Amino acid sequence: MTTLRARDVIDQAHAFHAQLAGYFAGLSDAADNERVRLLYSYLSQHEQLLSEILTRYRGDAPQRLMDAWLQNVPDDRSLHACAMLNLEPDTPADDVIAASLTYDDCLIALYKSMQKASTHPELRELFENLQALEEQEKHRTTLNMQSLYDW
């Protein structure tokens, strides 16, 4: 646990999405199974989109909220430890979907812990909105991945 600014937390989430985008792109390039390749490609594009959304979110948020300090919050090591990147190009599609949902859950947990650490109502609302966005994207992604898998 550490002390971070709200900006630092959003930067961590942004970097995590960007890392996942590259990770999934590499797996897509190496996958032999067409369905799994499409799944990895979709996930890469999805993570890149979320990374871009956080960039805009960070730029649009009031400076005073981005500079607010949060105490006793998890740092980026806990985020990366939560989501072990251990997929292979030949990983079955069901396992890819399960791993992707785990990554979403890691970010949802991060945003929940930020809400608990926030003493300022606007800052708590900012993290509630990010949590809601991540939950909505998790639901949408689940439906889209299932469609790809059923193809």
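The values are calculated or read from the model by the stated rules, or taken from the named source; none is laboratory data. All of these numbers come straight from a predicted model, not from anything done at the bench. Here the Cβ positions follow ideal geometry from the backbone for every residue, glycine too, while neighbour counts run over all protein chains shown. Remember, those area values only see protein heavy atoms, side chains included, never the ligands or the DNA or RNA. Shrake-Rupley method; radii C 1.70, N 1.55, O 1.52, S 1.80 Å.
Listed values, structure above:
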{"item": "First in the stretch 1-27 and open to solvent by 20 Å² or more (accessible area, probe 1.4 Å), second anywhere and polar (S, T, N, Q), Cβ under 7 Å, 6 or more apart", "result": "1/72; 3/71; 14/51; 14/55; 18/51; 25/44"}
{"item": "Some residue of the stretch 132-146 being in a helix (DSSP H, G or I), among the hydrophobic types (A, V, I, L, M, F, W, C), at negative phi and at pLDDT 90 or above", "result": "yes"}
{"item": "Tally of residues being outside any helix (DSSP H, G or I) and buried (at least 17 other Cβ atoms within 10 Å of the Cβ) across the stretch 28-52", "result": "1"}
{"item": "Selection status of residue 71, surrounded by fewer than 18 Cβ atoms within 10 Å (Cβ to Cβ) and in a strand (DSSP E or B)", "result": "yes"}
{"item": "Tally, over the stretch 74-86, of residues that are in contact (Cβ under 8 Å) with a residue 40 or more places away in the chain and either surrounded by fewer than 18 Cβ atoms within 10 Å (Cβ to Cβ) or not in a loop (DSSP other than H, G, I, E, B) (or both)", "result": "5"}
{"item": "Condition broken by residue 87, with the remaining ones in (1) modelled with pLDDT under 90; (2) in contact with a Leu (Cβ under 8 Å, 6 or more places away or on another chain) satisfied", "result": "(1)"}
{"item": "Residue in the stretch 113-130 that is within 12 Å of the chain's Cα centre (by Cα) and open to solvent by less than 30 Å² (accessible area, probe 1.4 Å) present", "result": "yes"}
